[in-house]
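Worksheet: the structure to be examined is printed underneath.
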Amino acid sequence: MNLLIKNGRVIDPVGKLDGIMDVLVEKGKIRRLGKGLKPENHNVIEARGKVVVPGLIDMHTHLREPGREDEETILSGSEAAARGGFSSVCVMPNTSPVIDKEGIVEFIFSRSRQAGLVNVYSVGAVTVGQNGTQLAEIGELKKAGVIALSDDGNPVKNSYLMRRALEYSRMFDLPIISHCEDSDLAADGVMNEGYVSTLLGLRGISSLAEESMVSRDISLAGLTNGRVHIAHLSCAGSVSLIKQAKKNGIRVTAETAPHYFTLTDEEVRTFDTNYKMNPPLRTQKDIEAIKKGLADGTIDVIASDHAPHSEQEKDVEFDNAPFGITGLETSLGLALQELVEEKVLTINQLVEKMSVNPARILGLNKGSLALGCDADITIIDLEREWIVRQEDFKSKSKNSPFIGRKLKGMAVLTISRGKIVYESMA
């Protein structure tokens, strides 16, 4: 499909572009940028008043297939991603079976090709079966096409094993995405440890459970010169640790998710299990630290940590409900409203957090509108107001705490490799 996107505000931080121009797409590639381009057998997309950016990349999502297709499939997750403005997603390995062998990676790619929507990349497991006792065959996983390693959902508790994982992953130039949680400290906690947990009589998870593992993995990255990416930052102490580590030249990057800069543990007073996630919602002080970390560059990436669960699983007592919420379809809107509208980030900086930096960290040839690049493009209407409605979700699961919330700003068109995979331009 050949496309001509006309009169949009084109933002490409890599190419230092920010201005009104046209984008010509031919055979799945960016062919020309400029003003007044004329269509020649191209489908014309009028983008006046809208922002045209490199396709968004979610480097932390759970699509549940194989194993829990009742919660999400690669097809339904791809549809949700496209609606959310993501042209690429990276799937975590805690499926059933775990993505720890070449055959499972090939299965993910096969399902992605069948879906024919967004780019789906596999993150391989650090340890066999994510059991934390034996390293997976990292070379085999790299050859199969994984773009990172993680035992997300579980921490790598054994420090010696984590050291070896960082050493081996360095040989293959793969970052390790670390689920930083001291599970002994977290114990059986279900929400943030503090005043609200005491008031509600719910078991708390101390912020130290996160901070202690962030500190450990930073130290191991310094020792090995490996690359560690800290997943789903939730608390102020972790931000401080990462900021200092970067000053010390340690190869560490970090992400947070929209719920960690929009919601606090006060929400749990409702006992709504859609406010139960891991790490848990923290305090207003932590939100302020997360926003500051995003603004000063300490936090590199905004990811969704899309974690779909069925209604039956979530419709139980708070103690017994699984952790996690959906996020692919609300991440951009929340980030635009809470960060760009509130002037925490500029729209250019948000594009860096949601496209440029994920591509850089994962070594993907994405995140830019340069000539010859894959035509992965997101068109955003910064003025579009909308309400998050359960019935509008493309995801098979609806476990979102943001249902009913009014947002301003949304993706109105998503292009993946030159193909329109979602459109709501009207």
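What follows is calculated from the coordinates using simple rules that are stated; it is not laboratory data. These numbers come from a predicted model, not from an experiment. So basically every Cβ, Gly included, is an ideal-geometry build from the backbone, and we count neighbours across all protein chains shown.
Working from the Cα coordinates of the stretch 105-191, the gyration tensor eigenvalues give, after taking √(5λ), semi-axes of 25, 18, 10 Å in decreasing order.
Here the Karplus relation 6.51 cos²θ - 1.76 cosθ + 1.60, evaluated at θ = phi - 60°, turns the backbone of the stretch 115-121 into coupling constants of 5, x, 10, 8, 6, 10, 10 Hz, with x for every Gly and Pro. Along its first, second and third principal axes, ordered by size, the stretch 188-247 spans 43, 21, 14 Å in Cα coordinates. Backbone amide hydrogens, once placed in the peptide plane, bring V412 within less than 5 Å of I379, I380, D381, excluding anything fewer than 5 places away on its chain. By the beta-carbon count within 10 Å of each Cβ, the least crowded to most crowded order of M171, M213, M1, fewest first, is M171, M1, M213. Tell me the angle of helix 208-224 to the major Cα principal axis of the chain, expressed in degrees between 0 and 90 and rounded to the nearest ten. The helix 208-224 is inclined about 70 degrees to the chain. Can you tell which of D300, D188, D286 shows the greatest fluctuation in a Gaussian network model of the chain with Cα springs below 10 Å? Among D300, D188, D286, the largest GNM mean-square fluctuation belongs to D188. Straight Cα distances below 29 angstrom link K396 to the lysines K101, K276, K314, K353, K366, K406, K408, K419, with same-chain residues fewer than 8 positions distant left out. Remark on I20: its backbone amide H falls under 5 Å from those of V10, a criterion applied only to residues 5 or more positions apart or on other chains, H modelled at 1.01 Å from N. Of D296, D173, D184, the residue with the greatest mean-square motion in the GNM of the chain, using alpha carbon springs below 10 Å, is D184.
When +1 charges are put on Lys and Arg Cβ atoms and -1 charges on Asp and Glu Cβ atoms, the dipole computed for the stretch 55-362 relative to its Cα centre reaches about 1260 debye.
Straight-line reach from K246: taking Cα to Cα under 17 Å and skipping same-chain neighbours fewer than 8 places apart, the aspartates and glutamates in range are E211, D217, E255, D296, D300.
Scan the stretch 1-93 for GluC sites (Glu not before Pro) in coil per DSSP, keeping those whose Cβ has at most 15 other Cβ atoms within 10 Å, and list them by number. Here the GluC sites (Glu not before Pro) that fit, given the DSSP loop and packing criteria, are E40, E69.
Here's the picture: charge each Lys and Arg Cβ at +1 and each Asp and Glu Cβ at -1 in the stretch 55-362, and of G237, T61, G84 the one pushed furthest to the positive end of that dipole is G237.
Taking every DSSP beta bridge that has both ends in the chain, the antiparallel portion is near 50%. Considering only I250, S304, T262, and ranking their Cα positions along the charge dipole of the stretch 55-362 that arises from unit charges at the beta-carbon of Lys, Arg, Asp and Glu, the one farthest toward the positive end is I250.
Dividing the helix sum by the residues of the chain, where each DSSP H run of 4 or more adds -39500 (n - 2.57), gives a mean residue ellipticity at 222 nm of -7500 deg cm²/dmol. Across all directions, the average projected area of the convex hull around the alpha carbons of the stretch 26-99 is 6.9 nm². Between the helical axis of 74-83 and the longest alpha-carbon principal axis of the chain there is an angle of about 60 degrees.
Stokes-Einstein diffusion for the stretch 55-362 at 37 °C, viscosity 0.692 mPa s, with a Kirkwood radius from C-alpha pairs, works out to 171 µm²/s. In terms of its alpha-carbon gyration tensor, the stretch 216-268 comes out prolate; a/c meets the 1.5 threshold, and the first ratio a/b outweighs b/c. Could you tell me which chymotrypsin sites (Phe, Trp or Tyr not before Pro) in the stretch 138-195 are loop residues by DSSP with no more than 15 other beta carbons within 10 angstrom of their beta carbon? Taking the stretch 138-195 and a limit of 15 other Cβ atoms within 10 Å, the loop chymotrypsin sites (Phe, Trp or Tyr not before Pro) found are F172. Taken as Cα centroids, the stretch 215-283 and the stretch 1-80 sit 29 Å apart, rounded to the nearest whole angstrom. At 4 °C and 1.567 mPa s, grab the translational diffusion coefficient of the stretch 235-316 from Stokes-Einstein with a Kirkwood Rh over Cα pairs, rounded to a whole number in µm² per second. D, rounded to a whole number, is 93 µm²/s. Compute the helix-to-body angle for 284-296: its Cα long axis versus the longest principal axis of the chain, expressed 0 to 90° and rounded to tens. In the chain, helix 284-296 runs at an angle near 50 degrees to the longest axis.
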